[in-house]
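Bear in mind that the values in this text are calculations on the coordinates, not laboratory data. What you see is a predicted model, and the numbers here were worked out from it, not measured in a lab. Neighbour counts are summed over all protein chains in view; Cβ atoms, including those assigned to glycine, are modelled from backbone coordinates with ideal geometry.
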Amino acid sequence: MEQRTLGTTGRRVSVVGLGTWQIGGDWGPMEESEAFAVLDAAAEAGITFFDTADVYGDGRSEQLIGRWRAAHPEWEGTVATKMIRRAPEPSLLHATEENFRAWTDRSRRNLGVETLDLVQLHCPTDDVFTADAVYSALDTLVAEGAIAAYGVSVETCEQALWAMDRPGVASVQIILNAFRQKPLERVLPAAQAAGVGIIARVPLASGLLSGRYTEETVFSPDDHRSFNRHGEAFDVGETFSGVDYTTGVQAAREFSALAAEHGLEPAAAAIAWVAQQPGVSSVIPGARNADQVRSNAAAGKVAELPASFVDSVRELYTRRVKAQVHHRW
Ligand SMILES: NC(=O)c1ccc[n+]([C@@H]2O[C@H](COP(=O)([O-])OP(=O)(O)OC[C@H]3O[C@@H](n4cnc5c(N)ncnc54)[C@H](OP(=O)(O)O)[C@@H]3O)[C@@H](O)[C@H]2O)c1
C-alpha cells in the first residue's frame with residue numbers, strides 16, 4: 001500500500017485509510033466482533049490510517065479502536081479523531097480551551113493514548129474557523145502534549161481555504177468523490193501549495209457509488225441514510241453527498257457502467273478516482289465488513305485511471321449532479 005505524508009504532521013499514512021463512523025453508530029447495528037473484524041482486515045491490508053470522532057456512537061468507535069490497538073501493538077498507524085460536536089452546537093461559544101481540554105482528555109482515555117495523533121475540529125460553524133483564540137487554544141494543547149497535531153473537518157470549500165491560512169493546521173478533511181468535485185477547483189491546489197494534508201471523506205457518496213442500491217433499497221431506521229435524507233439530524237451533505245436519492249441511484253448506475261467499460265468494480269473505481277487526485281493524502285471509505293475493507297484497500301493499487309474515464313466522470317457530474325451540490329458546499 002502506498003504511503004503518503006499527511007500534511008505538516010509529517011506522518012506517513014496509507015493512501016487508502018479507514019473511516020470508522022460505521023463502527024460507532026448511525027449506520028445501523030454493528031457488533032463488537034464485526035468491528036474488530038473490520039479493523040483486523042484493515043491492518044492486514046496495509047491500512048495505516050483510521051479516522052474516528054468522539055461522537056461516533058458517543059465514544060464507542062474510539063473505545064473499540066483503543067481496545068483493538070491495545071491488542072495489536074504491532075500496528076504502527078495513525079488515528080485521527082475529532083471534537084466539538086459534543087457541544088450543544090459546534091459554534092465559537094463552545095470552542096474554548098477548557099472544552100478542548102475536556103474533550104481531548106476523554107478521547108485520550110477512549111483511545112488509550114497519552115497523546116492523540118491528530119485532532120480535527122468536527123465541522124464547526126463559520127465563526128470558529130476565523131477566530132484567533134481557537135488556534136491559540138489548539139496550539140496550547142500541542143505544547144502540553146495532549147495532541148501531536150490538529151486539523152479541521154469542513155463542510156464547505158470556503159471553510160477549507162480559511163483554515164489553510166493558519167500555520168498550525170496540518171490537515172483538512174473534506175468530502176471529495178465523483179459526485180462532489182468542487183474541491184478540485186481551489187481546495188486541492190491550495191493544500192498542495194501550503195503543504196496541508198487532505199483527508200478525503202465519503203468517497204462512495206455513502207455507498208451510492210458502489211452501484212448496489214436501487215430505488216427500492218431500504219436502510220435500517222437507525223442508519224442516517226434513512227433518518228438524515230433531508231438534513232434532519234446533521235448537514236444533509238453528509239448523506240449521499242447531498243444528492244437526492246433517486247438522482248444518486250440513477251447517476252450511480254451510469255458511473256457503474258463507466259467503471260465496467262474499464263474493467264473496474266464501481267467502488268474500486270470511485271475510490272481510485274479520489275486517491276489519484278493530486279493533493280489527496282488519504283481517502284477514508286467507511287466499511288461495514290472485512291470484505292469491503294479488503295476491496296477498498298485494493299483500490300489504492302489501481303493503475304492510473306485513463307483520461308477517457310476521468311473525462312466521463314467529469315461529464316457525468318456536470319450533467320447529473322452539479323446543479324444540486326456545487327453551489328452549496
Ligand atoms: N463530518 C465529518 O467529519 C465526517 C462526516 C462523514 C464521514 N466522515 C468520515 O468519513 C468516513 C467515510 O465516509 P462515509 O462512511 O460516511 O461514506 P462512504 O465511505 O462514502 O460510504 C461508506 C459505505 O459504503 C459502502 N461500502 C464501503 N465499501 C464498499 C465496497 N467495497 N463495496 C460496496 N459498498 C461499500 C458501505 O455501505 P453499506 O453500509 O450499505 O454496506 C459503507 O457503509 C466515515 O466513516 C468517517 O470516518 C467524517
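Give me the extension gain from E74 to H326: residue separation times 0.36 nm, minus the current Cα-Cα distance, reported in nm with one decimal. Write down the numbers at each step before the final one.
Details: separation 252, 0.36 × 252 = 90.72 nm, distance 4.27 nm.
Separation in residues times 0.36 nm, less the Cα-Cα distance, equals 86.4 nm.
Comparing segment 213-288 with the 2.2 N^0.38 Å rule of thumb, its C-alpha radius of gyration ratio is 1.23 (two decimals). The magnitude of the dipole of segment 138-264, with charges of +1 and -1 set on the Cβ of Lys/Arg and Asp/Glu and taken from the Cα centre, is near 300 debye. For a quick check of your reading of the filter: which GluC sites (Glu not before Pro) in segment 212-315 sit in a DSSP loop and have no more than 11 other Cβ atoms within 10 Å? Within segment 212-315, the qualifying GluC sites (Glu not before Pro) (loop, at most 11 other Cβ atoms within 10 Å) are E215, E216, E232, E304.
Each Cα pair under 8 Å and six or more residues apart adds its sequence gap; the mean of these over the residue count of the chain is a relative contact order of 22 percent.
Can you give me the angle between helix 132-144 and the longest principal axis of the chain, using Cα atoms only, in degrees from 0 to 90, rounded to the nearest 10? Between the helix axis and the principal axis of the chain, the angle is about 70 degrees. Here r is the Cβ-Cβ distance between F227 and Q192 and R0 is 51 Å; the resulting FRET efficiency, rounded to 0.05, is 0.85. Relative to the longest principal axis of the Cα atoms of the chain, the long axis of helix 307-316 makes an angle of roughly 90 degrees. Once both labels are positioned 7 Å from their Cα atoms along Cα-to-Cβ, the gap between V218 and D165 label points is 5.0 nm.
Given 0.36 nm per residue, what is the gain on full extension from S33 to E158 after removing their alpha carbon distance, in nm? Display every interim value, and only then the final one.
Values: separation 125, 0.36 × 125 = 45.00 nm, distance 4.00 nm.
Result for the pair: 41.0 nm of gain on full extension.
Only helices enter the 222 nm calculation for the chain: every DSSP H run of n ≥ 4 contributes -39,500 (n - 2.57), and dividing by all residues gives -11500 deg cm²/dmol, rounded to 500. Loop-located GluC sites (Glu not before Pro) in segment 32-125 (DSSP state other than H, G, I, E, B) with a sparse environment of at most 15 neighbouring Cβ atoms within 10 Å: E74, E76, E114. Rg then Dmax, both in Å and based on the Cα atoms of the chain: 18.4, 54.
Calculated on the alpha-carbon coordinates, the convex hull of segment 127-286 measures out at 126 cubic angstrom per residue. Remark: segment 247-329 carries a charge dipole of roughly 320 debye about the Cα centre, counting +1 on each Lys and Arg Cβ and -1 on each Asp and Glu Cβ. Rounded to the nearest 0.05, the FRET efficiency derived from the C-beta distance between S91 and A303 at R0 = 56 Å is 0.80. Reported value for segment 228-329: 122 Å³ per residue, from the convex hull of its C-alpha atoms.
Only the Cβ atoms of Lys and Arg (+1) and of Asp and Glu (-1) were treated as charged; on that basis the dipole of the chain about its Cα centre amounts to roughly 500 debye. Ranking of D311, D51 by neighbouring Cβ atoms within 10 Å, starting from the fewest: D311, D51.
Three principal axis extents of segment 1-58 based on alpha-carbon atoms, in descending order, are 34, 24, 12 Å. Mean separation of Cα pairs under 8 Å and 6 or more residues apart, divided by the residue count, gives segment 1-131 a relative contact order of 23 percent. Inverting the pair-averaged 1/r between distinct Cα atoms of segment 1-159 gives 16.0 Å as its Kirkwood hydrodynamic radius. Considering only A95, W68, L18, and ranking their Cα positions along the charge dipole of segment 1-160 that arises from unit charges at the beta-carbon of Lys, Arg, Asp and Glu, the one farthest toward the positive end is W68.
Distance between the modelled labels on R109 and D40, one decimal in nanometres: 3.0 nm (7 Å Cα→Cβ projection).
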